[in-house]
Amino acid sequence: MLIGLFADIHANRPAFGRCLAQARDLGAEQFIFLGDYVGYGAEPDWTVSIIIDLVAEGAIAVLGNHDSALSNTRVQLNAEAQAVIEWTRGELGVAQRRFLADLPLTREVQGRLFVHAEASRPPSWKYVVDATDAARSINATSAHVTFCGHIHKPALYSLSAAGKMTAFTPTSGVSVQLLPGRQWLAVLGSVGQPRDGNPAASYAMLDTTKCEITYCRAPYDVDEAAARIREKGLPTWLAERLFVGK
Amino acid sequence: MVKPSLEPDSIIDGFRIEQQLHRGGMATLWRVSRPDATMPMLMKVPRFSEGEDPAAIVSFEMEQMILPRISGVHVPAFVAAGDFAIQPYIVMEHIAGKTLLARLRDLPLLYSEATAIGEKIAAALDDLHRQHVVHHDVKPSNIMFRSTGEAVLLDYGLSHHDQLPDLMQEEFRLPFGTAPYMAPERLLGIRHDARSDLFSLGALLYFFTTGVRPFGDSETMYGMRRRLWRDPVPPRRLKSDYPAWLQEIVLRCLEIEPAWRYPTAAQLAFDLGHPNQVKLTARSERLKVDPLTSVLRRRFNRDLTRPRTQPTLAAQLASAPILAVAIDLTEGPASLNDELRVTAERILATLPSARLACLNVLKLGRITLDKTLDEHGHSKHIDRLVALRHWAEPLKLESQRLTVHVLEAIDPASAILEFAQANHINHILIGARQNSVLRKVLGSVSARVAAEASCTVTIVRRTHVARSDKTLVT
């Protein structure tokens, strides 16, 4: 089966719409969402509605720190992100906010762990920056593969039976076999706000039969996403950064 | 799950185990068969149990990832891989014959034979590098030849794939490989430079032509590290009849600094195929190793041994293409040749490692007996080589970037296509004759080259000048 995985959508409708369509074209039959549906972007209402619909049809979704910040004022965000979350509270209805508040921090299905940030302490929202962080995350689980997001830069780590880590920056469109003899941590890039210098939306496809992951890029209409952010009076840097993928 | 037993006549996933072919430190090889298979096959089964070398597992994982992604005549075809959790194995094409190791007792080989072998290996490496793989264990026991002549590279357990996680990179602090052939930068942990394979091929060529290994066969860390500063004895010191051009090629492959070697395996293959056009630098003249002062300077100059960032394998190859330009010296206006030069210049200006092969076809008649001398007794062949150099002169290319070739053929298009195929040409520039009588009679050479070439072809035309009888629409 082919599974489409999406992290850090951040209310970017053109990017998320493009990724979903592309994943469906590639044959995705199941969808996994790794958190941060809101924040930064200008279309949280549409985005959350889609997630609610897909979860009702069997998709899996976990909680991200921006989603958590909607109902939990103790979650720390930077000033721009905080401003967008305050605006987002006025955009989402009760059912939408309750849906987000009720999302689990992690889900584990058939040896695959889904979590928004580093997995050793999910509520701390730690970034996976390098192999040391990745090792901490992998050591905290017995799952064969952990999928996370949060840092907005794609990376793939593995831990061998001998305890050695490997780090790798994936090439988009090239599948990598997640060998059974080791544990893996697949860090996804961001759908709605890529920060690896490539403005195209980032997601991944998992082939469960071959146990292969393919990191994908979907070019989308950045102008439109940026225009929406400006129309809503959100911080303009959030629009500008989409053009450069930073 | 019960682990299937490995013994003759047992069947694993439809493969019948026939005969054990080899039992090495890291893996066992079995000849296997399957009723529907048309080619001979072998099964590689890793040896890993408690206490075995962890490198065996990792190198098997690497080979299992890489082999299914590479194809073509220069690699054994991948057939199947076993489930790691039950019985790990790889089934691949069984290449008939012996590896190049069998030739060790015949060393040194004739220069012509060693050169031909080297050219085939370089062609195989070029193909492999273009598939994003650096082999990292080029040595006689990993090289075989098909009955059709092409070299086949075996064993991808130490290889690096540009688009896959490199499991060997992080796993071991010591470099894995075969000491006599290992490139110096490998000792510094660099695994993504395709020119490491050219160093290994240089070591092999040195060994096959002199009978002596350029860096001995020490496997101690010091013995291996020595090649970071100590250059090998020039082959001409060992054999007085050693051709200067061959020493030039071999020592260029063995440069300590990867950037001083050939930029691509295709460019190395090109020089091995055209010995009389190799530019002879000071390398070709050397009879002694470098003096101690330079060696000490090299040893303590950290800059030379500093690992540096570099572009991806694909970008590295793309920056050093071989261009071929087909020049018509007999027919058509000279301005078309000027236009070809302008186009070539534009490409060469952006790619300092690119090289240019200028071609001219000396057409032979189908029936008539051809004279190679004209009515004044000049050699037409030499005249044309001179004319080609004259055409290229304004490009002001260093001589190692330029070669000239006169191809004698009945059919010009076929001659150009064959040259491009045999010499790993990446890009052909050819002019289109317009409104010519010959074109009407013979058909277009450029159109056929464009249609049939297996590389990029640029058709060059003179820019059309608007004729005055046309009304200008404003």
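The values are calculated or read from the model by the stated rules, or taken from the named source; none is laboratory data. All values reported here derive from a predicted model rather than from experimental measurement. Because the Cβ atoms are built from the backbone with ideal geometry, glycine has one as well, and the counts that use them run over all protein chains shown. Accessible surface areas use protein heavy atoms only, side chains included; no ligands, DNA or RNA. Shrake-Rupley method; radii C 1.70, N 1.55, O 1.52, S 1.80 Å.
Coupling constants for region B:203-215 follow from the phi torsions by the Karplus curve (6.51 cos²θ - 1.76 cosθ + 1.60, θ = phi - 60°), and in residue order they are 5, 5, 5, 4, 5, 6, 9, 10, x, 10, 7, x, 10 Hz; glycine and proline get x.
Model label sites at residue A:107 and residue B:28, defined 7 Å from Cα along the beta-carbon direction, differ in position by 4.5 nm.
Peptide A:153-164 shows a mean partner chain C-beta count of 3 within 10 Å per residue C-beta.
Expressed as a whole percent, the accessible area of region A:4-81 that falls on carbon and sulfur atoms is 44 (1.4 Å probe). Quantify, in whole percent, the carbon and sulfur part of the accessible surface of chain B (1.4 Å probe; protein heavy atoms only). That fraction is 54 percent.
Relative contact order of chain B, taken over Cα pairs closer than 8 Å and 6 or more residues apart, is 10 percent. Restriction of the chymotrypsin sites (Phe, Trp or Tyr not before Pro) in region B:141-219 to DSSP coil positions whose beta-carbon has at most 10 other beta-carbons within 10 angstrom yields no sites. Extending 7 Å from Cα along the Cβ direction at residue B:279 and again at residue B:379 yields two label points whose distance is 2.4 nm.
Rounded to the nearest 0.05, the FRET efficiency derived from the C-beta distance between residue A:24 and residue B:410 at R0 = 56 Å is 0.50.
Highest mean first, the peptides A:121-131, B:267-277 sorted by other C-beta atoms within 10 Å per residue fall in the order B:267-277, A:121-131. Mean separation of Cα pairs under 8 Å and 6 or more residues apart, divided by the residue count, gives chain A a relative contact order of 23 percent.
Shielding by partners for peptide B:77-88, expressed as the average number of C-beta atoms from other protein chains within 10 Å of each residue's C-beta, is 1. Placing dummy labels 7 Å off each Cα toward the beta-carbon, the span from residue A:77 to residue A:127 is 1.7 nm. The heavy atoms of residue A:46 offer some 70 square angstrom of accessible surface to a 1.4 angstrom probe. Applying a DSSP loop filter and a limit of 13 other Cβ atoms within 10 Å to the trypsin sites (Lys or Arg not before Pro) in region B:102-177 leaves B:173. Residue by residue along A:169-176, Cβ atoms of other protein chains within 10 Å of the local Cβ number 3 on average. For the residue pairs B:139/B:288; A:164/A:210; A:126/A:153; B:239/B:288; A:126/A:246; B:288/B:396, the C-alpha atoms sit more than 21 angstrom apart in B:139/B:288; A:164/A:210; B:288/B:396.
Solvent-accessible surface of protein heavy atoms, probed at 1.4 angstrom with all chains present, puts B:162, B:83, A:8 in the order B:83, B:162, A:8, largest first. By a 1.4 Å probe calculation restricted to protein chains, residue A:91 has an accessible surface near 70 Å², given to the nearest 10.
Compared with the alpha-carbon gap, the fully stretched path from residue A:240 to residue A:169 is longer by 23.1 nm at 0.36 nm per residue. Per the Kirkwood formula applied to alpha carbons, region B:13-86 shows a radius of gyration over Rh ratio, Rg over Rh, of 0.96. Just to verify a number: FRET efficiency for residue A:46 and residue A:212, C-beta to C-beta distance, R0 = 41 Å, to 0.05? It comes to 0.80. Dipole magnitude for region A:1-74: computed about the Cα centre from +1 point charges on Lys and Arg Cβ and -1 point charges on Asp and Glu Cβ, it is near 120 debye. When +1 charges are put on Lys and Arg Cβ atoms and -1 charges on Asp and Glu Cβ atoms, the dipole computed for region A:95-176 relative to its Cα centre reaches about 140 debye. Per residue, the accessible area of the protein assembly as shown comes to 45 Å², computed with a 1.4 Å probe over protein heavy atoms only. Simple point charges give the picture: +1 on the Cβ of Lys and Arg, -1 on the Cβ of Asp and Glu, and for chain A a dipole about the Cα centre of about 580 debye. Solvent-accessible surface (1.4 Å probe) assigned to residue B:225 amounts to roughly 90 Å².
The sum of -39500 (n - 2.57) across all DSSP H runs of n ≥ 4, divided by the residue count of chain A, sets its helix-only mean residue ellipticity at 222 nm to -9500 deg cm²/dmol. Only protein heavy atoms count here, probed at 1.4 Å, and on that basis chains A and B bury about 1400 Å² of accessible area in total.
The GluC sites (Glu not before Pro) of region B:28-128 meeting both criteria, a DSSP state outside H, G, I, E and B (loop) and at most 15 other C-beta atoms within 10 angstrom of the site's C-beta, are B:50, B:52.
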